[in-house]
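Presented below is the structure to which this report refers.
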């Protein structure tokens with residue numbers, strides 16, 4: 001179960017880091033520097049340094065749902081672009097990702113905007129590697145309309161290959177929430193398969209924010 005209550009609790013439990021540089025690196029390692037937030041059992045996250053590949057965090061989910069999160073205040077006026085590299089072993093068996101029963105993803109990275117005095121207004125953009133939705137599809141989470149899902153990748157065609165991605169977070173919040181925001185407060189990664197009771201493996205690397 002993924003609720004906005006969970007996001008709000010996450011904001012209070014993480015140490016804050018404020019960064020305003022033109023390039024903001026979200027340190028991937030060591031894994032102990034992330035805070036694990038568990039929704040159902042724990043996805044295994046471990047640091048790996050495979051020959052010929054970038055140092056990364058490898059995630060293995062077996063019917064589990066937990067995220068690794070960092071509270072980091074990023075100035076989107078200066079660095080609105082979220083960049084990252086990821087890879088999956090394979091997608092899931094075509095779940096209905098717009099339903100609670102199919103709300104699982106082999107890989108996702110998301111950013112959270114704090115609700116301030118109104119924690120129920122905490123919102124998140126989830127950039128997912130979809131198993132069933134076309135690339136560029138956008139839909140509200142089956143659990144809350146305060147969390148939007150966007151399919152950056154879809155299907156198995158590029159499985160097993162590192163992919164570099166870039167999204168304008170400030171523009172995405174404007175387009176899909178109708179809201180102009182200046183900062184985000186949390187970055188998280190998550191590989192989850194609790195609803196479909198399946199298995200997924202993914203790798204994450206090189207997360208940073210940039211001016212362009």
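Laboratory data are not the source of any read-out in this text; all were calculated from the coordinates shown. All values derive from a computational prediction rather than experimental measurement. Note that we place each Cβ from the backbone using ideal geometry, even for glycine, and neighbour counts take in every protein chain shown.
With no solvent and one equal point scatterer placed on each C-alpha of the chain, evaluate the Debye formula and give log10 I(q)/I(0) for q = 0.09, 0.12, 0.13, 0.15 Å⁻¹, two decimals. Debye curve over Cα of the chain, log10 I(q)/I(0) at q = 0.09, 0.12, 0.13, 0.15 Å⁻¹: -0.30, -0.55, -0.65, -0.90.
Per DSSP H run of n ≥ 4, the term is -39500 (n - 2.57); total these for the chain, divide by its residue number, and report the mean residue ellipticity at 222 nm rounded to 500 deg cm²/dmol.
Value at 222 nm, helices only: -2500 deg cm²/dmol.
Of all DSSP-defined beta bridges confined to segment 95-191, some 70% are antiparallel rather than parallel. Using the Cβ-Cβ distance between residue 165 and residue 120 with R0 set to 35 Å, the FRET efficiency from 1/(1 + (r/R0)^6) comes to roughly 0.75.
Sorted by average packing, counted as other Cβ atoms within 10 angstrom per residue and highest first, what order do 182-190, 49-57, 30-38 take?
In decreasing order of mean packing, 182-190, 49-57, 30-38 become 182-190, 30-38, 49-57.
Annotation for residue 136 and residue 42: the two label points, set 7 Å from Cα along the Cα-Cβ direction, are 4.1 nm apart.
Remind me, relative contact order of the chain in percent, using alpha carbon pairs under 8 angstrom and six or more residues apart?
34 percent
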